[in-house]
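Enquirer: The structure follows.
Please treat every number below as a calculation from the coordinates, not as lab data. These numbers come from a predicted model, not from an experiment. All Cβ positions, even for glycine, are placed from backbone atoms using ideal geometry, and neighbour counts span all protein chains on display.
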Amino acid sequence: MMQTAEKRGTFFTIGHSNLELEDFLAVLQDQKIRILCDVRSRPGSFRYPQFNREPLEALVTPAKIKYEFLGEALGGRPTERNVYREDGLVDYVERRKAPDFCTGVERAIELSRAANVALMCAEEDPLHCHRFLMIGPALIERGVTPLHIRRGGILEPQRDAEDRLLDVQGFSDVTSNSLFSAGRDSALVDALQKQSEEYAYRASPEAIEYY
């Protein structure tokens, strides 16, 4: 049985993973999501073509779910060269400073004031995705705390996801239930950076010349 968030205006994130379109739609409907914000830089999937932009938009529109593409501003593969390090890795901290990124975040928040919104990317686990590692901190700074929809419609609160990240990155001594959680905020910054080193998009250094 799926958990359901009753509060209108809840801000969700979701990864489509390998779901069938009908199953994906059912999850959105169970959570009463009315706006689906696609934050993929490229709104398509070679492995799961059912989540290409056209079939996805055609699925959700009759269900009275608005599709909005925000991948240009909030995608994990930005086009500006200055947010890539010399080794080709996207620097999420730098990207969050960009005016178009900030505009994209504000747009998503504005949409959530009227209805339940879900930021959608591909990865099922938010800890493996830029929606948590790059966009998440910007939402938190603006007072928005997302809920992460996991496989089977299970909801993972942001703080639980953060604690899981802290544990994965070796900071289990400052998770919420620890005796030393006072150092949690600074440890979280370090954990996000370490996780981003593993999961942020990495272009070849040569390719950066063409951005």
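Enquirer: What FRET efficiency comes out for the pair GLU72/ASP190, r = Cβ-Cβ distance, R0 = 41 Å, nearest 0.05? Walk me through the intermediate numbers first.
Expert: On the way: r = 30 Å, r/R0 = 0.73.
Efficiency, from the Cβ-Cβ distance: 0.85.
Enquirer: Expressed in nm², what is the orientationally averaged projection area of the convex hull enclosing the Cα positions of the chain? Provide the component values of the computation, followed by the final result.
Expert: Working: hull surface 48.1 nm².
The Cα convex hull of the chain, projected and averaged over all directions, gives 12.0 nm².
Enquirer: Count the lysine pairs in the chain whose Cα atoms lie under 25 Å apart, taking only pairs 8 or more positions apart in sequence or on different chains.
Expert: For the chain, the number of qualifying lysine pairs is 6.
Enquirer: Select from ALA203, ILE33, HIS130 the residue farthest towards the positive end of the dipole of the chain; place +1 on Cβ of Lys and Arg, -1 on Cβ of Asp and Glu, and compute about the Cα centre.
Expert: ILE33
Enquirer: Right, next: Please give the charge dipole size of segment 11-157, origin at the Cα centre, charges +1 on K and R Cβ atoms and -1 on D and E Cβ atoms. Round to the nearest 20 debye.
Expert: Working: 20 positive and 22 negative charges, 53 e Å.
The calculation lands at about 260 debye.
Enquirer: Hey, another quick one. Using a 10 Å cut-off around each Cβ, can you sort ASP38, ASP100 from fewest to most neighbouring Cβ atoms? Kindly include the intermediate steps, with their values, before the conclusion.
Expert: Numbers: ASP38 22, ASP100 14.
Ascending Cβ contact count within 10 Å gives the list ASP100, ASP38.
Enquirer: Within 10 Å, count the other beta carbons around each residue, average over each peptide in 122-133, 176-187, 47-58, and list them highest first.
Expert: Working: 122-133: 21.2, 176-187: 12.3, 47-58: 14.5.
Packing order, densest peptide first, comes out as 122-133, 47-58, 176-187.
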